[in-house]
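The structure under discussion appears below in the form of structure tokens.
The values are calculated or read from the model by the stated rules, or taken from the named source; none is laboratory data. Since the structure is predicted, the reported quantities are computational estimates derived from the model, not experimental observations. Here the Cβ positions follow ideal geometry from the backbone for every residue, glycine too, while neighbour counts run over all protein chains shown. Side chains are part of the model used for accessible areas, which takes the heavy atoms of the whole protein and leaves out ligands, DNA and RNA. Shrake-Rupley method; radii C 1.70, N 1.55, O 1.52, S 1.80 Å.
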Amino acid sequence: MYVFILLLIALVSVLGLPSRDIIIDPIDNNDLPEICIVMIQGADIKPEQYIPLMKTIQNVAKTDLKVWIGIPEFLGDMAFELNHGVDRVLDQMRRQGMTTQTIFMAGHSLGGAMVQTWTANNAQNVTGQVLMGSFLTHAWKKDYIFN
């Protein structure tokens, strides 16, 4: 099944089929410092389900920060290969006026597991990452003790 999904992801990437990425423009607070949050969905969770959480973050931060939000859509609602989705939402936000280089990656569940490797591979472009309902993968958790 996973091989099939990966093949479909490759096909969509090559063909450039349209996605339903979500961009949430910042609240009108032009004179504040600007940041970006890219939210990576958990397995089988629609990107739209993160809109209330992301808008709440924007609302809480509105007196201190101008917050851009990008939620890329992934084939089958499985965030296995992040490069194209993250690039799409960042490009779209830049076309809409985002100028910040302060980018936070956020991931829920499987998205949180996948975002760790993406962040490590793109560390020069990422300010931080947030894991929600996720865990540190074996690549980053080095001190396992089993009884």
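Is it the case that some residue within region 133-144 is modelled with pLDDT of 90 or more and open to solvent by 20 Å² or more (accessible area, probe 1.4 Å)? No: zero hits. Taken as a whole, region 62-69 holds at least one residue that is open to solvent by less than 70 Å² (accessible area, probe 1.4 Å) and either part of a loop (DSSP other than H, G, I, E, B) or in contact with a Phe, Trp or Tyr (Cβ under 6 Å, 6 or more places away or on another chain) (or both). In region 77-128, of all residues being charged (D, E, K, R), open to solvent by 70 Å² or more (accessible area, probe 1.4 Å) and more than 17 Å from E48 (Cα to Cα), the one that is nearest to the chain's Cα centre (by Cα) corresponds to D87.
Looking only at residues of region 38-58 that are part of a helix (DSSP H, G or I) and in contact with a strand residue (DSSP E or B) (Cβ under 7 Å, 6 or more places away or on another chain), we find that the one that is farthest from H108 (Cα to Cα) is Q58. Going by the conditions given, is I35 of a type in the set (A, V, I, L, M, F, W, C), modelled with pLDDT of 90 or more and either under 13 Å from the mean Cα position of the chain (by Cα) or not in a strand (DSSP E or B) (or both)? Spelling it out, it is not the case that I35 is of a type in the set (A, V, I, L, M, F, W, C), modelled with pLDDT of 90 or more and either under 13 Å from the mean Cα position of the chain (by Cα) or not in a strand (DSSP E or B) (or both).
Residues satisfying the criterion are present in region 59-75 (criterion: out of contact with any strand residue (DSSP E or B) (no Cβ under 8 Å at 6 or more places or on another chain), of a type in the set (S, T, N, Q) and within 15 Å of I24 (Cα to Cα)). For region 92-112, the set of residues classified as modelled with pLDDT under 95, outside any loop (DSSP other than H, G, I, E, B) and out of contact with any strand residue (DSSP E or B) (no Cβ under 7 Å at 6 or more places or on another chain) consists of L110 only.
Of all the listed residues (D25, D64, D31), the sole one being of a type in the set (D, E) and free of Cβ contacts under 8 Å to residues at least 24 places away in the same chain is D31.
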